[in-house]
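S.K.: My structure is below; once you've seen it, I'll send some questions.
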Amino acid sequence: MKNAIALGLILIAALTGGCSRLWPVSEDRVTFVLAGAVTPRSVRINFKTLRPARVRVQVSPNPVTYANPLYSPYGQTQAGQNNVSHAVVDELHPGTQYYYRLVIDNTPSTSKAHAGKFTTPRAEPFSFKMAFASCAVTGSNSRIFQQIMQEKPLFYLNTGDLHYGNISSDCSDRFIKHYYRVFMSPRQSELYRSTPFVYMWDDHDYANNDSDRNAPCQQAAIAHYKQFMPYYPLAFDQPDDPVSQSFTVGRVRFILTDLRSQKQEPEYQDCQRVKTGSNFGSEAHLNWFTQQLLAAKEAGQLAVWVSGIPYINHPGGPNYQCDEQDDWGGFPQEREAIANLVKQHQIPLCILAGDAHMVAIDDGTNSDYASGGGAPVPVFHAGPLKRYGSFKGGPYSHGHRSKSGQYGVMEIEDNGGREICITWTAKNRQGNVVQNRAGKKITYRFCRMLGSTTP
Ligand SMILES: [Fe+2]
């Protein structure tokens, strides 16, 4: 009798889809999907299937009927590639919300858990909101990811420490496992399916703490970034080249610099710097960055530099290494050259950063590193998503807060005129504005003139 009841329960579970092992349904065939690299006309969808399969992506403005669909070309996921692949859909319309799902061996996936949505940016100047943050324990399922989703940003940018793998051995296996844990966390997966994902790593997700180009897994890190992430076109393509990239939304150019995989440490003797280092690591990489800044200026855009490494260091002087900080203070010549370029060409620039486990805003008061002054650059740190609080650099004009469960929101107001205005707001996992130690809300609004005002 007991056996009969058990068999009956198993059959009911199977028929209602409650026991997917007994009753294979389409969701069994997909492990994760996420979208990124969205432009007014195209999107890139990255995914993993459970087994090798023939796959294409279907995109439609209608999430129910999938009417008027657009498709990517068919591709094949392969066991040798961990069944991870990507597809690009183009000929999209600007400023349109789309829904997507995988079509596997001619059958559309029916699982809502393996479908997503995104909105293409408009093709002209427009106002929008983006969210960003850094630093979450590997595979975190914090509610903060739902909160970020509820902001309905046009895209979500992770500025590093997507996981804390600290990978320096068994490179390939460990990168794969850590990316699986991130993308298969229910709340992170929900965020990445609802909101296009942009990502630039920092130290713990590239290699280990304060890592640089000499990390033993450097090439594996770069290879797996290219395999798993829905990135914008990369500036360089060799196996040990940085994964730096840029993209433009409206009149805002986001410049993501991969400083970790290229960083050359300075050399010190007795706490005195005897050889200059470089965060960009090569002339070609630095040149690409400065050309991006100049191109933004020339095109009448605001430049937003995503630097995982904190720009503002607390005063450390020549004995800087003795403070054991990991920020731009150890690279004063390179930072000064960038600041001088910003000053010379009057480049409208601000910086988004992570790394430190805090939210902090500086309006430029403490970030002017040009020779003789003249390049105050607003800086906004946001994090940690799920990690203990810590503090780096500063001081910060609008204060800071070091506490777990924080993210940043950037709202761009652009009506197409000469001026563009930005509002930065630090928020906690309940969606409330974070206050600094003095009880003041950490938020800052600034405006910049765009266009050819080069002296
Ligand atoms: Fe971190």
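The values are calculated or read from the model by the stated rules, or taken from the named source; none is laboratory data. Treat the numbers as computed from the prediction; the structure is a model and nothing was measured. No Cβ is skipped: glycine too gets one built from the backbone with ideal geometry, and neighbour counts run over all protein chains shown. What goes into the accessible areas is simple: the full protein's heavy atoms, side chains included, and nothing from ligands, DNA or RNA. Shrake-Rupley method; radii C 1.70, N 1.55, O 1.52, S 1.80 Å.
S.K.: For the chain, with only Lys/Arg (+1) and Asp/Glu (-1) charged at the beta-carbon, what is the dipole magnitude about the Cα centre, in debye rounded to 20? Before the final figure, lay out the partial values.
M.R.: Values: 45 positive and 39 negative charges, 396 e Å.
Roughly 1900 debye, rounded to the nearest 20.
S.K.: Right, next: Taking the C-alpha atoms of region 180-277, how large are the radius of gyration and the largest Cα-Cα span, Dmax, in Å?
M.R.: Answer for region 180-277, Rg first and Dmax second: 16.1, 52 Å.
S.K.: Continuing with the same structure: Which is the longest part of the chain that has none of the chymotrypsin sites (Phe, Trp or Tyr not before Pro) sitting in a DSSP loop with at most 13 other Cβ atoms within 10 Å?
M.R.: Numbers: sites that count: Tyr74, Tyr388.
Result for the longest clean stretch: 75-387.
S.K.: May I ask you to compute the full-extension gain from Asp90 to Met449, defined as 0.36 nm times their residue separation minus their alpha-carbon distance, rounded to one decimal in nm?
M.R.: Numbers: separation 359, 0.36 × 359 = 129.24 nm, distance 3.30 nm.
Taking 0.36 nm per residue and subtracting the Cα distance, the gain is 125.9 nm.
S.K.: In the chain, carbon and sulfur make up what percent of the accessible area (probe 1.4 Å)? Spell out each step's value before the answer.
M.R.: On the way: 9160 of 18860 Å².
The nonpolar share, carbon plus sulfur, comes to 49 percent.
S.K.: Another question, if that's okay. Looking at this model, which pairs from Lys392/Lys441; Lys263/Lys392; Lys263/Lys343 are more than 22 angstrom apart at the alpha-carbon?
M.R.: On the way: Lys392/Lys441 20 Å; Lys263/Lys392 19 Å; Lys263/Lys343 25 Å.
Over 22 Å Cα-Cα: Lys263/Lys343.
S.K.: OK, next. Looking at the P(r) of region 23-118, how many percent of alpha-carbon pairs lie beyond 24 Å?
M.R.: Values: 656 of 4560 pairs.
Every Cα pair in region 23-118 considered, those over 24 Å come to 14 percent.
S.K.: One quarter of the convex hull surface, Cα atoms only: what value does that give for the chain in nm²? Each step should come with its number before you reach the end.
M.R.: On the way: hull surface 97.9 nm².
Taking a quarter of the hull surface, the average projection is 24.5 nm².
S.K.: Ok, one more. Excluding ligands, DNA and RNA, what is the solvent-accessible area per residue of region 23-118 at a probe of 1.4 Å, expressed in Å²? Mind showing how you got there, number by number?
M.R.: Details: 4410 Å² over 96 residues.
Value for region 23-118: 46 Å² per residue.
S.K.: Okay, moving on. List, largest first, the extents of the alpha carbons of region 189-232 along their principal axes, each in whole Å.
M.R.: Taking the Cα atoms of region 189-232, the three principal extents are 36, 19, 16 Å.
S.K.: Using only alpha-carbon positions, what ratio does the radius of gyration of region 216-337 give when scaled by 2.2 N^0.38 Å? Write down the numbers at each step before the final one.
M.R.: Values: Rg = 15.8 Å, N = 122, 2.2 N^0.38 = 13.7 Å.
Normalised Rg, Cα atoms only: 1.15.
S.K.: Would you mind checking the tilt of helix 2-15 against the longest principal axis of the Cα atoms of the chain, expressed as 0 to 90 degrees and rounded to 10?
M.R.: Once rounded, the angle reads 60 degrees.
S.K.: Hey, any idea what Rg/Rh is for region 80-152, computing Rh the Kirkwood way over Cα pairs? Walk me through the intermediate numbers first.
M.R.: On the way: Rg = 16.0 Å, Rh = 15.8 Å.
Ratio of gyration radius to Kirkwood radius for region 80-152: 1.01.
S.K.: From the residues Leu341, Trp201, Tyr369, which one has its Cα farthest along the dipole of the chain in the positive direction, the dipole being from +1 and -1 charges on Cβ of Lys/Arg and Asp/Glu about the Cα centre?
M.R.: Trp201
S.K.: Give the Rg (one decimal place) followed by the Dmax (whole number) of region 79-217, computed from C-alpha coordinates and expressed in Å.
M.R.: Gyration radius and largest Cα-Cα distance of region 79-217: 16.7, 47 Å.
S.K.: With only alpha-carbon pairs counted, each pair once and no self-pairs, how large is the Kirkwood hydrodynamic radius of region 404-455 in angstroms?
M.R.: Kirkwood radius, region 404-455: 12.8 Å.
S.K.: I've got another one for you. Give the accessible surface of region 124-449 per residue, rounded to a whole number of Å², with probe radius 1.4 Å and ligands, DNA and RNA excluded.
M.R.: Numbers: 11840 Å² over 326 residues.
Ligands and nucleic acids excluded, the figure is 36 Å² per residue.
S.K.: Then there's this: Can you pull the one-decimal nm distance between simple spin-label points at Thr290 and Arg181, each 7 Å off the Cα toward Cβ?
M.R.: Placing both labels 7 Å beyond Cα along the Cβ direction yields 4.1 nm.
S.K.: Once R0 is set to 45 Å, what does the formula 1/(1 + (r/R0)^6) return for the Cβ-Cβ distance between Asn166 and Thr65, expressed as a FRET efficiency to the nearest 0.05?
M.R.: Numbers: r = 47 Å, r/R0 = 1.04.
Efficiency, from the Cβ-Cβ distance: 0.45.
S.K.: For Ala299 and Glu267, what is the calculated FRET efficiency with R₀ set at 35 Å and r taken between the beta-carbons, to the nearest 0.05? Walk me through the numbers on the way to the answer.
M.R.: Numbers: r = 39 Å, r/R0 = 1.11.
That pair, Ala299 with Glu267, gives E of 0.35.
S.K.: Still on this structure, I have one more. Per-residue ellipticity at 222 nm for the chain, helices alone: DSSP H runs ≥ 4 residues times -39500 (n - 2.57), over residue total, nearest 500 deg cm²/dmol? Could you put the intermediate results ahead of the total?
M.R.: Details: 8 runs with 88 residues, N = 455.
Computed ellipticity for the chain at 222 nm equals -6000 deg cm²/dmol.
S.K.: More than 23 Å apart: what percent of Cα pairs in region 305-455 qualify? Walk me through the numbers on the way to the answer.
M.R.: Details: 4248 of 11325 pairs.
Cα-Cα pairs in region 305-455 separated by more than 23 Å: 38 percent.
S.K.: If you place +1 on the Cβ of every Lys and Arg and -1 on the Cβ of every Asp and Glu, how big does the dipole about the Cα centre of region 209-288 come out, in debye to the nearest 20?
M.R.: Numbers: 8 positive and 10 negative charges, 72 e Å.
Using Cβ point charges on Lys, Arg, Asp and Glu, region 209-288 gives about 340 debye.
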